[in-house]
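This report refers to the structure that appears directly beneath it.
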Amino acid sequence: MGKILITASHYEELCQDAKCMLEAHGHELIINKSDMPYYTYEQIAQVIGDVDGAVVGLDDWTEDIFKIASKLKVIAKFGVGVDNIDIRKAKEYGIKVINAPGQNSNAVAELTIGLMIGVLRGIIPLHKKMENGEWVRRVGHEIKGKTIGLLGFGAIARLVAEKLMRFDAEVIACDLYPDEELAAEYGVTIVHEKELLSRSDIISVHIPASEKTYHLLDEEAFGRMKDDAYIINCARGSIIDTDALCRALKNGTIAGAALDAFEAEPLTKDAEILACNNVICTPHTGAETYEAYRNVSMCTAKGVIDVLEDREPEYCTN
């Protein structure tokens, strides 16, 4: 019936059920063979004129692409955040933009908890010492008894809160649209942003990237935090002013950070953040689990098929 461009990575390897579903509906697939979840503009431009739908990773989808995508009817984000897609312009060009909310939430929530433990216990520095033949023990911290501040209280944050119940921690949250009754179901107290920054021992970021949230965590925000506090970001890199974070880490304004998202990706080996001793960096891998790949691929495949067969998709963002 049509051609589907897939720029999300590992599709051939991890998304066989979704691949078979698309092919069973008569679609020809153009699949990204690299390990990186995006195409360059030039790569997209080479094929987009003959493409009916796209399942995309982190590549930028702007009007420059839409102008040359005469057949394109649907863009499916392989995940949730659509900040790399100009959804307003897509709508002007008659292109539906869909996503897969909730399908990778547990994977991101589990990594968030893992990074909390990793940075509190200094797991990476301890491993590096052992690689050098050093048997250096380190006194760390426990999650138990800590105040965890969730910046945002969407699906992933709620899963983090649910998992933290088992750790006997106090969990507070702030959200643009606070729902105190829902928060209470998870044992979470809703507070204002300034209170969250000043009270939390660990701040975990769970808000989308937008003009309003750009560099929300800046020098002033770090100054409000405790000097023994940690920040975890498995959301979007643009929410944190990286230069300000580096200064805060180096001068002891805060105790440490664990980051899975960055302002510029991929992060280069000379990035200043990597020179900070009290930080863990992972390569935007929050949703990288076998389970999440299957869930997201099946959800997006169904959405693409629905649009191309003139049905309304379940998750349309525009």
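The values are calculated or read from the model by the stated rules, or taken from the named source; none is laboratory data. Predicted model, so just to flag it, every value in this text is computed and none were measured. Ideal geometry is used to build each Cβ from the backbone, glycine not excepted, and the neighbour counts take in all protein chains shown. For the accessible areas, the whole protein counts, side chains as well, though only heavy atoms, and no ligand, DNA or RNA atoms are used. Shrake-Rupley method; radii C 1.70, N 1.55, O 1.52, S 1.80 Å.
Could you tell me whether any residue of segment 157-178 is β-branched (Val, Ile, Thr), closer than 21 Å to residue 104 by Cα and either open to solvent by 50 Å² or more (accessible area, probe 1.4 Å) or out of contact with any Leu (no Cβ under 6 Å at 6 or more places or on another chain) (or both)? Scanning segment 157-178 turns up at least one residue that is β-branched (Val, Ile, Thr), closer than 21 Å to residue 104 by Cα and either open to solvent by 50 Å² or more (accessible area, probe 1.4 Å) or out of contact with any Leu (no Cβ under 6 Å at 6 or more places or on another chain) (or both). Listed by first and then second residue, the pairs linking a residue in segment 116-129 that is in contact (Cβ under 8 Å) with a residue 40 or more places away in the chain to a residue that is of a type in the set (S, T, N, Q) and buried (at least 16 other Cβ atoms within 10 Å of the Cβ), with Cβ atoms under 8 Å apart and 6 or more places separating them unless they lie on different chains, are 116/204; 119/278. Those strands (runs of 3 or more DSSP E) of segment 1-85 in which 1 or more residues are open to solvent by less than 30 Å² (accessible area, probe 1.4 Å) and either free of Cβ contacts under 8 Å to residues at least 40 places away in the same chain or at positive phi (or both) occupy 28-31, 74-77. Picking from residues in segment 277-291 that are in a loop (DSSP other than H, G, I, E, B) and farther than 17 Å from residue 110 by Cα, the one that is most open to solvent (accessible area, probe 1.4 Å) is 277.
Of all residues in segment 183-208, which are touching a helix residue (DSSP H, G or I) at 6+ places or on another chain (Cβ under 8 Å) and open to solvent by 50 Å² or more (accessible area, probe 1.4 Å)? Of everything in segment 183-208, those that are touching a helix residue (DSSP H, G or I) at 6+ places or on another chain (Cβ under 8 Å) and open to solvent by 50 Å² or more (accessible area, probe 1.4 Å) turn out to be 186, 187, 189, 194, 198.
Got at least one residue in segment 260-268 being open to solvent by 40 Å² or more (accessible area, probe 1.4 Å), hydrophobic (A, V, I, L, M, F, W, C) and free of Cβ contacts under 8 Å to residues at least 12 places away in the same chain? The answer is no; no qualifying residue exists. Within segment 93-116, the only residue that satisfies the criterion of being among the polar types (S, T, N, Q), in a helix (DSSP H, G or I) and open to solvent by 40 Å² or more (accessible area, probe 1.4 Å) is 106.
Say we look at segment 129-156 and pick out the residues that are under 24 Å from residue 80 (Cβ atoms) and not aromatic (Phe, Trp, Tyr); which of these is surrounded by the fewest Cβ atoms within 10 Å (Cβ to Cβ)?
So the residue we want is 155.
If you go through segment 292-304 and keep only what is surrounded by fewer than 23 Cβ atoms within 10 Å (Cβ to Cβ) and over 22 Å from residue 236 (Cβ atoms), you end up with 294, 298, 302.
Checked against (1) farther than 30 Å from residue 39 by Cβ; (2) touching a residue at least 40 places away in the same chain (Cβ under 8 Å), residue 166 passes all but condition (2).
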